[in-house]
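The values are calculated or read from the model by the stated rules, or taken from the named source; none is laboratory data. It should be emphasised that the depicted structure is a prediction, and the values quoted were computed from it without experimental measurement. When we count neighbours, we look across all protein chains shown, and the Cβ atoms used for this are built from the backbone with ideal geometry, even at glycine.
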Amino acid sequence: MADMVNPRSLPGGGPSPLDSAHQLLADALRTSFRILKIAMVVLVIAYFASGLFTVEQNRQAVVLRLGRLAGPVRNPGVHWAFPPPIDQVIEIPVQQSTTLTVDSHWLYLTEEEKKLPLASVERGRAGLHPMRDGALLTGDKGLVHIKWRLTYRVEDLEKYVSEVADEDYTRVTPAKAERIITKLLERAAIDEVGGYTTEDATRKRLSELRDAIKRRVNEELAALNTGVFVGTVEIPMSTPPLQTKLAFDEVIRAESRKESTIRDAEQKAAGLLNETAGAAHAKLVALLDERDGAARKSEDAELKRLDDAIHRTIVDEASGAVGSRIRDATGYYSTVVEGMRADYEEYETLLPEWQRSRDLLVTRLWERAKQQLFGRPGITKLYRPAGAMFRIVVGPDPKQRDLQERQVYEQGGGAKEHEHEAKVPHYPGGPIG
């Protein structure tokens with residue numbers, strides 16, 4: 001039987017072209033698989049690297065894994081989570097205040113009226129429209145319009161996302177939180193304003209009202225686990241209905257005048273008391289009030305104690321007019337006592353001489369008195385020769401004469417003369433007529 005020929009072998013024993021093609025194909029496949037593996041490794045690394053995220057300052061983040069919260073709240077810094085769709089990162093500003101204005105209890109204003117001061121807006125006798133005008137009922141059965149402005153911030157992101165977000169946690173928007181805060185504020189305002197009068201809710205106790213509303217809203221937010229905290233509550237505008245505002249303002253002006261009058265009276269009283277008794281007037285007034293109370297109760301021992309305390313205060317501490325009079329009286333008392341003491345001492349000195357020679361003492365004292373009298377300034381001395389007679393004519397007192405002339409002038413004589421002179425024309429050379 002003849003030998004069979006191998007189709008892969010060529011004459012001479014070398015490899016056939018078909019074997020070379022197979023080898024090249026195998027090498028190409030091995031290279032392709034190697035590149036594919038490297039690409040897959042790179043893609044896997046890139047996929048996991050894409051899970052890195054950075055939380056900025058004043059912000060926090062939570063991670064939702066397959067729609068549910070996973071792990072703790074992420075604070076500022078670099079963190080990692082599985083890339084979507086496994087994990088979803090929700091980052092929200094925290095500790096950053098947001099301002100919210102609530103007009104639910106404010107009166108309706110047109111665009112033109114909003115540009116005017118509230119005092120310029122007129123309503124006439126038209127009543128409130130319940131579908132447009134917001135108002136609150138006060139404890140004295142009045143109505144008030146109040147505009148609220150508050151600031152809030154997220155303090156617990158986990159509670160905020162859990163309670164404020166939608167059921168799938170994919171939508172966490174400030175609008176929902178603000179709707180919750182608005183509803184809680186409206187309910188708290190209805191409850192709280194009912195315990196205030198119209199005047200208190202519009203002018204006198206606004207600070208108390210703000211604090212009460214803030215406390216109530218924060219208590220409700222905490223009970224709902226919202227993670228939201230209201231920082232401030234303000235009342236930029238508060239007014240009674242415009243239909244009654246004029247009468248209300250008139251009452252306010254009357255009270256303002258009353259308070260101003262009271263302050264002026266208190267200032268005048270304080271000034272008068274200070275002028276009267278100086279810095280000790282407050283103590284004296286308190287002691288006098290105590291004495292009046294003790295007098296009404298007929299407490300003799302207490303009256304004596306208070307009288308002594310008042311006397312010591314006046315003498316030792318009082319200044320002003322009282323102090324001046326006390327000092328003058330003390331000086332006068334000392335002068336009188338010293339004069340009486342000197343007179344007594346002189347009496348004791350002259351008594352023996354009086355007893356020895358009465359006439360001689362009288363003559364000596366008379367001579368001394370004449371010398372003292374004639375030695376005074378303004379004394380006119382006249383010499384009368386022995387046996388001569390003359391008369392001294394003393395004119396009227398100049399001051400008394402001037403006073404009489406002034407009285408006559410005021411009774412009409414001088415006025416008529418002055419009126420006559422006013423009718424006479426005057427010229428550079430003097431009056432004519």
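Provide a single number: the residues in the stretch 238-251 that are of a type in the set (A, V, I, L, M, F, W, C) and exposed (fewer than 15 other Cβ atoms within 10 Å of the Cβ).
Taking the stretch 238-251 and keeping what is of a type in the set (A, V, I, L, M, F, W, C), we get 242, 246-248, 251.
Narrowing further to those that are exposed (fewer than 15 other Cβ atoms within 10 Å of the Cβ): 246-247, 251.
The number of residues fulfilling the criteria is 3.
Which residue, of E250, E302, is farther than 30 Å from A126 by Cα, out of contact with any Cys (no Cβ under 6 Å at 6 or more places or on another chain) and assigned to a helix (DSSP H, G or I)? Talk me through it step by step, then tell me what you get.
On the way: E250 fails: farther than 30 Å from A126 by Cα.
Testing whether each residue is farther than 30 Å from A126 by Cα, out of contact with any Cys (no Cβ under 6 Å at 6 or more places or on another chain) and assigned to a helix (DSSP H, G or I) leaves just E302.
With the requirement that a residue be in a helix (DSSP H, G or I) and surrounded by fewer than 16 Cβ atoms within 10 Å (Cβ to Cβ), what does the stretch 188-215 give you? Lay out the reasoning, then the answer.
Narrowing the stretch 188-215 to residues in a helix (DSSP H, G or I): 188-193, 198-204, 206-215.
Listed by number, the residues that qualify are I190, D191, R203, K204, S207, E208, D211, R215.
Under 6 Å between Cβ atoms, at least 6 apart or on separate chains: pull out the pairs that start in the stretch 91-115 with a residue that is in contact (Cβ under 8 Å) with a residue 40 or more places away in the chain and end on any residue that is crowded, with 16+ Cβ neighbours inside 10 Å and in a loop (DSSP other than H, G, I, E, B).
From residues that are in contact (Cβ under 8 Å) with a residue 40 or more places away in the chain, the pairs are S104/G134; H105/G134; W106/G134; L107/D133.
Just a yes or no: is a residue in the stretch 131-145 of a type in the set (D, E) and surrounded by 15 or more Cβ atoms within 10 Å (Cβ to Cβ)? It would help to see each step written out before you state the result.
Of the stretch 131-145, the ones of a type in the set (D, E) are 133, 140.
In the following step, the residues that additionally are surrounded by 15 or more Cβ atoms within 10 Å (Cβ to Cβ) were identified as 133.
Yes, the conditions are met somewhere in the stretch 131-145.
Could you list all residues from the stretch 291-313 that are closer than 25 Å to A329 by Cβ and touching a helix residue (DSSP H, G or I) at 6+ places or on another chain (Cβ under 6 Å)?
If the condition is that a residue be closer than 25 Å to A329 by Cβ and touching a helix residue (DSSP H, G or I) at 6+ places or on another chain (Cβ under 6 Å), then R291, L303, L306, A309, I310, T313 are the ones that fit.
For residues that are touching a residue at least 40 places away in the same chain (Cβ under 8 Å) and closer than 16 Å to K214 by Cβ, tally how many sit in the stretch 179-198.
Within the stretch 179-198, the first condition is being touching a residue at least 40 places away in the same chain (Cβ under 8 Å), and the residues that meet it are 180-182, 185-186, 189-190, 193-198.
Filter once more, keeping what is closer than 16 Å to K214 by Cβ: 180-182, 185-186, 189-190, 193, 195-196.
Residues meeting the conditions: 10.
With respect to V251, determine if the residue is under 30 Å from K159 (Cβ atoms) and under 27 Å from the mean Cα position of the chain (by Cα). Steps first, please.
Details: under 30 Å from K159 (Cβ atoms): no; under 27 Å from the mean Cα position of the chain (by Cα): yes.
It is false that V251 is under 30 Å from K159 (Cβ atoms) and under 27 Å from the mean Cα position of the chain (by Cα).
Does V230 qualify as being of a type outside the set (G, A, S), part of a strand (DSSP E or B), in contact with a helix residue (DSSP H, G or I) (Cβ under 6 Å, 6 or more places away or on another chain) and modelled with pLDDT of 90 or more? Can you show your working first?
Values: of a type outside the set (G, A, S): yes; part of a strand (DSSP E or B): yes; in contact with a helix residue (DSSP H, G or I) (Cβ under 6 Å, 6 or more places away or on another chain): yes; modelled with pLDDT of 90 or more: yes.
Judged against the criteria, V230 is a match.
In the stretch 83-97, which residue that is within 15 Å of Y47 (Cβ to Cβ) and touching a strand residue (DSSP E or B) at 6+ places or on another chain (Cβ under 7 Å) is modelled with the lowest pLDDT?
So, considering only residues that are within 15 Å of Y47 (Cβ to Cβ) and touching a strand residue (DSSP E or B) at 6+ places or on another chain (Cβ under 7 Å), the one modelled with the lowest pLDDT is D87.
Taking R401, is it over 60 Å from the mean Cα position of the chain (by Cα), closer than 30 Å to E346 by Cβ and of a type in the set (K, R)?
Values: over 60 Å from the mean Cα position of the chain (by Cα): yes; closer than 30 Å to E346 by Cβ: no; of a type in the set (K, R): yes.
No, not satisfied.
Suppose the filter is modelled with pLDDT of 75 or more and either closer than 19 Å to D249 by Cα or loosely packed, with under 10 Cβ neighbours inside 10 Å (or both); does T101 pass it? Don't jump to the end; show me each part of the working.
Working: modelled with pLDDT of 75 or more: yes; either closer than 19 Å to D249 by Cα or loosely packed, with under 10 Cβ neighbours inside 10 Å (or both): no.
Here the answer is no, as T101 does not meet what is asked.
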